[in-house]
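Asks: Just passing along the structure, written as structure tokens.
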Amino acid sequence: MSRKRIAILISGRGSNLPALFRADLGGDIVVIGSNKAEAKGLELARDAGVATFVLNHKSFPSREAFDQAMVDALNQYRPDLVVLSGFMRILTPVFVDAFAGRLINIHPSLLPSYPGLDTHRKAIIDGVKLAGCTVHFVNGELDGGPIIAQAAVHVDDDETPETLQPKVLAQENQIFPYAVKLFCEDRLRIEGKRVRTLPARISS
Ligand code: GRF
């Protein structure tokens, strides 16, 4: 089995990149792209010697035109897996269909609760006792695809969005590399809305 080629898209800090760089993913990060030239995560990528590119969504006449340009840019790197790590764009079918079954996202809530933005504030207002994060395949629904991995944290009585965010991020840093590795090892099977995780192969 050849090593998987991984492309990552970001829009901001790239706060999961250090964990992804450190981990043994069983694949190679070949490029990191962004829709924002000022994304801090691009500096992390350059420091790590990973190729980068920027496509400014504002330079395109429509979401579809931007998505097609992004597909074309990514395809130059022949990715087996496209990883969304804080990529803050709503994707059209042009993008989602191009990478169906090999497009994953991390979201800072226990999906299907709290899709969309501002998850920590909403969870605290609702009084939930567990919050967390989810890695999932991306389909046409916002934050709606089959779930690969989740991790939960306790919501303390005096929790605020500002205290919850780093607690959840620490868990993101654990489950994101884990989920990418499962994909790279060909251990994920999508069965309807569920994802089955196959056992690790024992090498002789
Ligand atoms: C993470 O919390 C992730 O769950 C969400 O975006 C955040 C990462 O963005 N999708 P950034 O890297 O801090 O900009």
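The values are calculated or read from the model by the stated rules, or taken from the named source; none is laboratory data. Bear in mind that the values here come from a model prediction, so they are computed numbers and not experimental data. Reconstructed Cβ throughout: ideal geometry from the backbone, glycine too, with neighbour counts over all protein chains shown. When the accessible area is computed, the model is the full protein with side chains, heavy atoms only, and any ligands, DNA or RNA have been set aside. Shrake-Rupley method; radii C 1.70, N 1.55, O 1.52, S 1.80 Å.
Asks: The conditions are (1) touching a residue at least 12 places away in the same chain (Cβ under 8 Å); (2) within 16 Å of the ligand (Cβ to nearest atom), and Y114 fails exactly one of them. Which is it?
Replies: (1)
Asks: Under 8 Å between Cβ atoms, which residue pairs at least 6 apart in sequence (or on different chains) link something in the stretch 34-51 that is within 14 Å of N16 (Cβ to Cβ) and open to solvent by 40 Å² or more (accessible area, probe 1.4 Å) with a partner that is part of a loop (DSSP other than H, G, I, E, B) and within 12 Å of the ligand (Cβ to nearest atom)?
Replies: Filtered contacts from the stretch 34-51: K40/G12; K40/R13; K40/G14; L44/G14.
Asks: Quick check, is K4 over 25 Å from P166 (Cβ atoms), over 13 Å from the mean Cα position of the chain (by Cα) and surrounded by 15 or more Cβ atoms within 10 Å (Cβ to Cβ)?
Replies: On the way: over 25 Å from P166 (Cβ atoms): yes; over 13 Å from the mean Cα position of the chain (by Cα): yes; surrounded by 15 or more Cβ atoms within 10 Å (Cβ to Cβ): yes.
Yes.
Asks: Looking for whichever is more than 14 Å from K36 (Cα to Cα) and either at pLDDT below 95 or surrounded by fewer than 17 Cβ atoms within 10 Å (Cβ to Cβ) (or both) here; the options are N75, N56. Which one fits? Walk me through how you get there before you give the answer.
Replies: Working: N56 fails: more than 14 Å from K36 (Cα to Cα).
Criteria check complete, one pass: N75.
Asks: Residues that are of a type outside the set (F, W, Y) and closer than 23 Å to R3 by Cβ: does the stretch 156-174 have at least one? Spell out how you get there, then give the answer.
Replies: Filtering the stretch 156-174 for residues of a type outside the set (F, W, Y) gives 156-174.
Pick out the ones that are also closer than 23 Å to R3 by Cβ and you get 173-174.
Yes, the stretch 156-174 contains at least one residue that is of a type outside the set (F, W, Y) and closer than 23 Å to R3 by Cβ.
Asks: Let me ask something additional. Scan the stretch 106-147 residue by residue and report those that are open to solvent by less than 20 Å² (accessible area, probe 1.4 Å) and either in a strand (DSSP E or B) or among the aromatic types (F, W, Y) (or both).
Replies: Of everything in the stretch 106-147, those that are open to solvent by less than 20 Å² (accessible area, probe 1.4 Å) and either in a strand (DSSP E or B) or among the aromatic types (F, W, Y) (or both) turn out to be I106, H107, A131, G132, C133, T134, V135, H136, F137.
Asks: Could you please find all residues in the stretch 27-52 being within 11 Å of the ligand (Cβ to nearest atom), over 15 Å from the mean Cα position of the chain (by Cα) and under 17 Å from P177 (Cα atoms)?
Replies: Answer for the stretch 27-52, where residues must be within 11 Å of the ligand (Cβ to nearest atom), over 15 Å from the mean Cα position of the chain (by Cα) and under 17 Å from P177 (Cα atoms): just L44.
Asks: Still on this structure, I have one more. Which one of D80, D72 is more than 16 Å from the ligand (Cβ to nearest atom), under 25 Å from L182 (Cα atoms) and out of contact with any Phe, Trp or Tyr (no Cβ under 7 Å at 6 or more places or on another chain)?
Replies: Numbers: D72 fails: under 25 Å from L182 (Cα atoms).
It is D80.
Asks: Are any residues in the stretch 90-105 touching a helix residue (DSSP H, G or I) at 6+ places or on another chain (Cβ under 8 Å) and assigned to a helix (DSSP H, G or I), and if so, which ones?
Replies: Within the stretch 90-105, V94, F95, A98 meet the criteria.
Asks: Considering each residue of the stretch 2-26, count those that are in contact with a helix residue (DSSP H, G or I) (Cβ under 6 Å, 6 or more places away or on another chain), more than 10 Å from the ligand (Cβ to nearest atom) and outside any strand (DSSP E or B), and give that number.
Replies: Residues flagged as in contact with a helix residue (DSSP H, G or I) (Cβ under 6 Å, 6 or more places away or on another chain), more than 10 Å from the ligand (Cβ to nearest atom) and outside any strand (DSSP E or B) within the stretch 2-26 amount to 5.
Residue by residue, here is whether (1) modelled with pLDDT of 95 or more; (2) under 21 Å from D24 (Cα atoms); (3) outside any loop (DSSP other than H, G, I, E, B) holds:
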site	(1), (2), (3)
P166	yes, no, yes
Q171	yes, yes, yes
Y178	yes, yes, yes
I190	yes, no, yes
V195	yes, no, yes
S204	no, yes, no
